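*Asks:* Take a look at this one; I'll ask things after.
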Amino acid sequence: MNQALTFIDTTIGKKIVMALTGVVMFGFVLGHMAGNLQVFLGPDAYNAYAVGIHKLGPLLWLARGVLLLSLAMHIATAMQLVAQSAAARPVAYKVKKNNKTTFAALTMKYSGMWLLGVLLYHLAHFTFPGIAMGDYQHQHFSAVYTNVINGFSVPWVTALYIISMCFLGMHLFHGSYSLFQTVGLNNPLRNGTVKFIAQSFALLVTIGNILIPLSVLLGLVK
Amino acid sequence: MSTINLVLHVWRQTGSDDKGSFETYQAKDVSEHSSFLEMLDQVNETLVADGTMPIAFDHDCREGICGSCGMVINGTPHGPQKATTTCQLHMRQFKDGDEVWIEPWRANAFPVVRDLVVDRGSFDRIIGAGGFVTARTGSAQDANALPIAKGIADQAMDAAACIGCGACVAACPNASAMLFTAAKAGHLNLLPQGQPEKESRTRNMVAQMEAEGFGHCTNHYECMDACPKGIDVEFIAKLNRDFVAATVTARAPLNTRAK
Amino acid sequence: MDLQSKAPAGDIETRWSRHKFNMKLVNPANRHKYNVIVVGTGLAGGALAATLGEQGYNVKAFCYQDSPRRAHSIAAQGGINSAKNYPNDGDSVFRLFYDTVKGGDFRARESNVYRLAEVSVNIIDQCVSQGVPFAREYGGLLANRSFGGAQVSRTFYARGQTGQQLLLGAYQSLSKQIDAGTVEMFPRTEMLELIKVDGKARGIVTRNMVSGEIESHLADVVVLCTGGYGNVFFLSTNAMGCNATATWRAHRHGALFANPCYTQIHPTCIPVSGENQSKLTLMSESLRNDGRVWVPKKKEDIQKSPADIPEEDRYYYLERIYPSFGNLVPRDIASRRAKEMCDQGLGVGPEVDGERRGVYLDFGDAVQRLGKKAVEERYGNLFEMYERITGEDPYTTPMRIYPATHYTMGGLWVDYNLESTISGLFVGGEANFSDHGANRLGASALMQGLSDGYFVLPATVANYLATAEKVEIDQSHPEVQAAVQSVRDRMEKLLSINGERSVDSFHRELGKIIWGYCGMARTKEGLETAIEKVKALRAEFWKNVRVLGGSEELNVSLEKAGRVADFLELGELMCRDALMRSESCGGHFREESQTEEGEAKRDDENYQFVGAWEWQGEEQEQVLHKEALEFEYVKPSQRSYK
Ligand SMILES: Cc1cc2nc3c(=O)[nH]c(=O)nc-3n(C[C@H](O)[C@H](O)[C@H](O)COP(=O)(O)OP(=O)(O)OC[C@H]3O[C@@H](n4cnc5c(N)ncnc54)[C@H](O)[C@@H]3O)c2cc1C
Ligand code: HEM
Ligand code: HEM
Ligand code: SF4
Ligand code: F3S
Ligand code: FES
């Protein structure tokens, strides 16, 4: 039957949505990391940063809205695409070799789902007062430095974060470069450079984010 | 001349209704100069002698250009040798005693017809939807009236080299037909002759590709690795780009077409 | 039977345009009322079906592959000729016409050849407008090369994939019409019988190769564009599925088969490597531009590695015998000389059937002279292909080559309109005998296929439709029923024999007979022996072939069995035709008819005619009809390449 399609009905359209929402979230985690690294500057600087952000008021809510929308769209399209591609090969191969792709690329749906779970945990962990998870005292955001130190003093929490950051790194290892191909910006003349830069950022986010819980646990930041 | 013996596990399926299963056969005294398909011919001779139906597989030119042949050999479409179709794969790539798993292209949009034969009609329908330049016979201007930069012509030729074998779909973890569609659209979208219909071509080919039930592209690049003609994933980026541009400029709804 | 060529008389330059004017047209509003069947979707059939579909006729197109894009035209590498004279090196329609008549050794019809040369110019325009990515120069204009020893650069090419690109152009236009509904496409559908009603071709009987269903299709006109019959030889450069069934069935219904013995052997193919080989691969002729052909001078050297054979022990026979043309002598000469060397026991390469059949094509000098890089630029992809197949590296070890069957000039006899001796049955492309005489020039088959498909047949078929009386028939017509039944009976017959030997074993044996006695060189005794052998093999086939499975499923053996059965009849006719023609001309070399230097010697006095054979019934000797050939514009002369 003939049926009118919109851009978003096509797999290409969906992929572009994923890429764009991915970029938004990638941008957020980069910025978020930069902010969180201020924990190394000591309690005053870090707490002031948190307070500063919350002072933004409507702007903060706008940013939260964009992020939430991005996340929702990213997940919704991911689910549809994953389902569609699963249906595209109803009988699996008995033997299948992959030569070019990466483990990270093949596990995008799993690393993504992991990230979703951890994100929910993370919000409960640090953002919503009262439902602090883990064995520590959650205070108001103006005492965010203490929250972070207390939070990451619990070894299993730190371990969870570190593992999750590896997942994030994997997700972005593929996603950061892949999105250029998806939106059609690839060009053989520049591919090498683009890939290097994109994946460097992915690595940066991973390492930066791991440093924080690790330093706390090792007692480097108190 | 050296010969080898192999153990083959071949997918046998009598028709689209049949579930299918692997059967094990011995390939004896195979010359290393034989092609993979000649090895199967040889096995088929022994099967016929035993009263078993020969293994069905598509093939025609046996020189790597018609795109008929293709099977997944030990997990790789067209087998282990790079840039080589199944018919051009020679047995010197295998060792005595090797076990070889042989499966058809597996994709919903390529239903199995029999054994290793699949129906790739979906590719033809993608072309019918827009993979052409409308040029009424006899209406053409002089061929040299339209100069085309050598670089562009060469790039178009790179894309046009696709033989429509379907190995890209078979190799793609998502069973996506992006490489094929991108090569076909890219060839014509690059050329000046293809410009008037560029927008509708891109949209209609993509719409048809969607309707056929292929998977999506998550940039695994397995397709390029399996492609016997080395079609570059660069063309996928180009198709994405062309599709966005066409969506922006189009003034008509995008329709899927009746299958 | 009086063979009327219907070629217009008068000034050759205006024959086609005058003829076109004199033909009748079909009103655009009425076209959809006419049903046309096109069997074959190669260059000829694909171009025709697309053109007629776009003009508004109701077309049904058939091919045995899973997609029209896979017809064997796709394999052509070298290029397509056209008298565009873009390089301004003195080419013209007349020169292409002249070269083609001469190249065909004065065994083709002048009017047809002239039209071919004339239309060649439009073909390139048409293909470029479809987006065929021909090679270009830096300035953006089309590039040309000289091909097959031609003195002008008139060959257009798309890397080494010219046939593929031209076919894709036609296929894309065809796909558009399929999508638009004016052409109904039947892939994986094989024509197994012609339906003739009241002396006219009215349809075909087909088998759906997936479901096995036998169906009849009716139409007002039937066009066969089913390619050549080179697979009679079993080993050839043709695709595995190429067959003569469509033309042979038409022949059995009364369409004359012309010049079946004219087959072209291509000198640069990869030699046979073993008993189980199924197919020979062509290496582009361009290799002879820089490669030097040689064999060891001494028999004791044939097993040595070529590197161990010193220069003075190498026999560069082509350079020696033909000092001015050297390695670039025409295909038939290069082929025959290679055979001669191997016959003398100087062949190299692996022993197959107790013989070594191969000669060296050596790039050692070229690599030294031009550097490896330059050689790679010219021939890199061919060298890769060679290495893939043989496992040897041509940069360091000389290639081995040997001739193989490549093209068949013979085919169904057609008049100037490309209509066979059955009214309403047209034939285009390699399936007809029309334009190449006794030998085809390189890069001219693609030209002919597209000329027939895009330009000639659309005009002549329309003329037929406009002039023939339109009589409606339906599936219940007794002739239709009879044709369907005969196909069913034949399937049943093949399946019921249940003998001992596989279809392939028969095909292989037939190939050996034809290649041995009706290949590069032919003799009276040899051909007589061959005829007896083919007859005996045919008799055995019908008693002892083994076809498993049923008819209502995808059954590869059954498909092959039907084709081989037809080859077993055609093979005999080839030998008979070769026996009848006791002259040498073009690709047909009778050892009895050669000059003192061993070159082909024509006998214009007795054989300047087209030999067209009429079917008389099973196991009956066919009857020869002659169409005399006249040469008004190109006077016959003896070829000489010394
Ligand atoms: C390896 C090779 C290289 C060549 N290189 C060149 C070159 O460089 N230049 C050049 O000019 N020529 C070349 N030729 C010759 C040229 O390619 C062919 O002569 C030409 O393409 C034939 O075109 P066609 O349309 O007549 O037939 P084909 O392309 O062979 O098409 C035949 C069609 O008929 C169909 N068919 C056949 N039998 C049946 C049946 N029983 N029922 C239904 N359908 C049927 C097939 O499915 C197919 O669609 C080459 C040939 C070969 C083999
Ligand atoms: C180990 C590294 C990280 C640390 C130390 C960290 C720390 C924090 C802290 C302390 C807050 C609360 C801030 C406040 O309420 O003022 C917060 C909020 C948040 N974090 Fe993280 N975070 C890390 C990694 C991440 C990652 C990888 C993501 C995304 C995938 C993420 C997403 C968020 C979100 C969405 C919020 C809520 C922001 C808001 O209130 O709108 N964080 N993070
Ligand atoms: C929360 C749950 C998430 C899920 C389920 C998810 C899932 C996926 C999946 C399946 C893909 C692959 C899409 C494809 O390549 O076709 C993908 C791509 C991507 N994701 Fe996520 N993801 C999630 C979160 C995130 C987050 C938090 C970020 C950023 C920090 C992110 C960034 C990206 C990027 C940049 C891509 C690449 C898009 C492309 O290939 O064009 N994702 N995601
Ligand atoms: S893109 Fe490559 S793998 Fe895919 S159909 Fe074309 S040639 Fe085959
Ligand atoms: S392998 Fe599949 S995911 Fe895309 S890049 Fe190729 S189509
Ligand atoms: S059989 Fe034609 S590509 Fe393999």
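*Asks:* Just to verify a number: FRET efficiency for residue C:18 and residue C:635, C-beta to C-beta distance, R0 = 25 Å, to 0.05?
*Replies:* 0.55
*Asks:* Here's a follow-up. Going by alpha carbons, how many degrees (0 to 90, nearest 10) lie between the helix axis of B:234-249 and the longest principal axis of chain B?
*Replies:* Computed tilt is about 40 degrees.
*Asks:* Suppose each label sits 7 Å from its Cα in the direction of the beta carbon; what would the residue A:48-residue C:275 distance come out to in nanometres?
*Replies:* 9.1
*Asks:* Between residue C:474 and residue A:64, with labels modelled 7 Å along Cα→Cβ, what's the label distance in nm to one decimal, could you check?
*Replies:* 7.6
*Asks:* What are the residues whose amide H is under 5 Å from the amide H of residue C:154, where those residues sit 5 or more places off or on another chain and H is modelled from the backbone?
*Replies:* C:145, C:147
*Asks:* List the accessible area buried at the contact between B and C, summed over both sides and calculated with a 1.4 Å probe, in Å² to the nearest 100. Write out the running numbers ahead of the final one.
*Replies:* Details: alone 13020 and 24770 Å², together 31730 Å².
Chains B and C together bury roughly 6100 Å² of accessible area.
*Asks:* Note the count of lysine pairs whose C-alpha atoms are less than 27 angstrom apart in the range C:266-405, limited to pairs 8 or more residues apart or on different chains.
*Replies:* On the way: C:279/C:304; C:279/C:339; C:297/C:339; C:298/C:339; C:299/C:339; C:304/C:339; C:304/C:372.
Taking the range C:266-405 as the scope, the lysine pair count is 7.
*Asks:* Another question about this same structure. Explain nothing, just the number: dipole magnitude of the protein assembly as shown about its Cα centre with +1 on each Lys and Arg Cβ and -1 on each Asp and Glu Cβ, in debye rounded to the nearest 20.
*Replies:* Details: 111 positive and 120 negative charges, 689 e Å.
Dipole magnitude for the protein assembly as shown comes out near 3320 debye.
*Asks:* Return the long-range amide H neighbours of residue C:362 (sequence gap of 5 or more, or a different chain), with a cut-off of under 5 Å between placed amide H atoms.
*Replies:* C:292, C:293, C:294
*Asks:* Can you give the angle from 0 to 90° between the axis of helix C:478-497 and the longest principal axis of chain C, with both taken from C-alpha atoms, to the nearest 10?
*Replies:* So the helix axis and the longest Cα principal axis differ by about 40 degrees.
*Asks:* Okay, next question. Provide the FRET efficiency to the nearest 0.05 for the residue C:211-residue C:620 pair, computing r from the beta carbons and using R0 = 51 Å. It would help to have the intermediate numbers written out before the result.
*Replies:* Details: r = 35 Å, r/R0 = 0.70.
Efficiency at R0 = 51 Å is approximately 0.90.
*Asks:* Let me ask something additional. Under a 5 Å amide H to amide H cut-off, with H placed in plane at 1.01 Å, what residues pair with residue C:84 once short-range neighbours are removed?
*Replies:* none
*Asks:* Which of the three applies to chain B, rounded, prolate or oblate, going by the alpha-carbon gyration tensor with a ≥ b ≥ c and a/c under 1.5 meaning rounded?
*Replies:* On the way: a/c = 2.43, a/b = 1.91, b/c = 1.27.
Prolate shape, in that a/c is at least 1.5 and a/b is the bigger ratio.
*Asks:* Over the protein assembly as shown, with every protein chain in place, what whole percent of the accessible area is carbon and sulfur at 1.4 Å, could you tell me?
*Replies:* On the way: 22740 of 41620 Å².
The value for the protein assembly as shown is 55 percent carbon and sulfur by accessible area.
*Asks:* Continuing with the same structure: Top mean-square fluctuation among A:190, A:89, A:64, Gaussian network model of chain A, C-alpha springs under 10 Å?
*Replies:* Maximum fluctuation in the GNM of chain A, among the listed residues, is at A:89.
*Asks:* State, to one decimal in nm, how far the label point of residue B:96 lies from the label point of residue A:197, with both points 7 Å from Cα in the Cβ direction.
*Replies:* Between residue B:96 and residue A:197, the simple spin-label model gives 5.7 nm.
*Asks:* Something else about it: Pop out the ³J(HN,Hα) list for the range B:121-138 in order, Karplus 6.51 cos²θ - 1.76 cosθ + 1.60 with θ = phi - 60°, rounded to Hz; leave Gly and Pro as x.
*Replies:* With coefficients 6.51, -1.76 and 1.60, one gets x, 4, 4, 4, 5, 5, 5, x, 5, x, x, 8, 10, 6, 9, 4, 4, x Hz.
*Asks:* Compute for chains A and B the buried accessible surface, both sides summed, probe 1.4 Å, and express it in Å² to the nearest 100. Working shown, then result.
*Replies:* Working: alone 13740 and 13020 Å², together 22910 Å².
When A and B are taken together, about 3800 Å² of accessible area is lost.
*Asks:* Compute the relative contact order of chain A as a whole-number percentage, counting only Cα pairs closer than 8 Å that sit 6 or more residues apart in sequence.
*Replies:* 27
*Asks:* Could you list the trypsin sites (Lys or Arg not before Pro) in the range C:394-496 that lie in coil according to DSSP, counting only those with at most 14 other Cβ atoms within 10 Å of their Cβ?
*Replies:* Here the trypsin sites (Lys or Arg not before Pro) that fit, given the DSSP loop and packing criteria, are C:470.
*Asks:* Please give the helix A:191-217 orientation as an angle from the longest Cα principal axis of chain A, in degrees from 0 to 90, rounded to the nearest 10.
*Replies:* Its long axis makes an angle of about 30 degrees.
*Asks:* For Cα pairs less than 8 Å apart in space and 6+ apart in sequence, what is the mean separation divided by the residue count of chain C, i.e. the relative contact order in percent?
*Replies:* After rounding, I find 20 percent.
*Asks:* How shielded is C:137-148 by partner chains, expressed as the average number of their Cβ atoms within 10 Å of its Cβ atoms?
*Replies:* Taking all residues of C:137-148 together, the mean is 3.
*Asks:* Whole number in Å², please: accessible area per residue of the range B:120-256, 1.4 Å probe, ligands, DNA and RNA not counted. Display every interim value, and only then the final one.
*Replies:* Values: 3790 Å² over 137 residues.
Value for the range B:120-256: 28 Å² per residue.
*Asks:* Moving to a separate point now. Cross-link candidates for residue A:96: which lysines have Cα within less than 29 Å, leaving aside residues fewer than 8 places away along the same chain?
*Replies:* Here the lysines satisfying the reach criterion relative to residue A:96 are A:14, A:15, A:109, A:195, B:19, B:28, B:82, B:95, B:184, B:229, B:238.
*Asks:* Would you mind classifying the range C:266-405 by shape? Square roots of the alpha carbon gyration tensor eigenvalues, ordered a ≥ b ≥ c; an a/c under 1.5 is rounded, otherwise it is prolate if a/b is larger than b/c and oblate if not.
*Replies:* Working: a/c = 1.28, a/b = 1.11, b/c = 1.16.
The shape class here is rounded.
*Asks:* Cα gyration tensor of the protein assembly as shown, axes a ≥ b ≥ c as square roots of the eigenvalues: rounded (a/c below 1.5), prolate (a/b > b/c) or oblate?
*Replies:* Verdict is prolate for the protein assembly as shown.
*Asks:* Follow-up. Sort C:49-57, C:35-43, C:183-191, A:193-201 by the packing proxy (mean of other Cβ within 10 Å over each peptide's residues), most packed first.
*Replies:* C:35-43, C:49-57, C:183-191, A:193-201
*Asks:* Another question, then. Across the range B:24-29, in residue order, what do the Karplus-derived ³J(HN,Hα) couplings come to in whole Hz, using 6.51 cos²θ - 1.76 cosθ + 1.60 with θ = phi - 60° and x for Gly and Pro?
*Replies:* Whole-Hz 3J(HN,Hα) from phi for the range B:24-29: 9, 10, 9, 9, 9, 6.
The values are calculated or read from the model by the stated rules, or taken from the named source; none is laboratory data. Remember, it's a predicted structure, so these values are computed and weren't measured experimentally. Virtual Cβ from ideal backbone geometry, glycine too; neighbours counted across all protein chains shown. Surface areas here come from the heavy atoms of the whole protein model, side chains and all, with no ligands, DNA or RNA. Shrake-Rupley method; radii C 1.70, N 1.55, O 1.52, S 1.80 Å.
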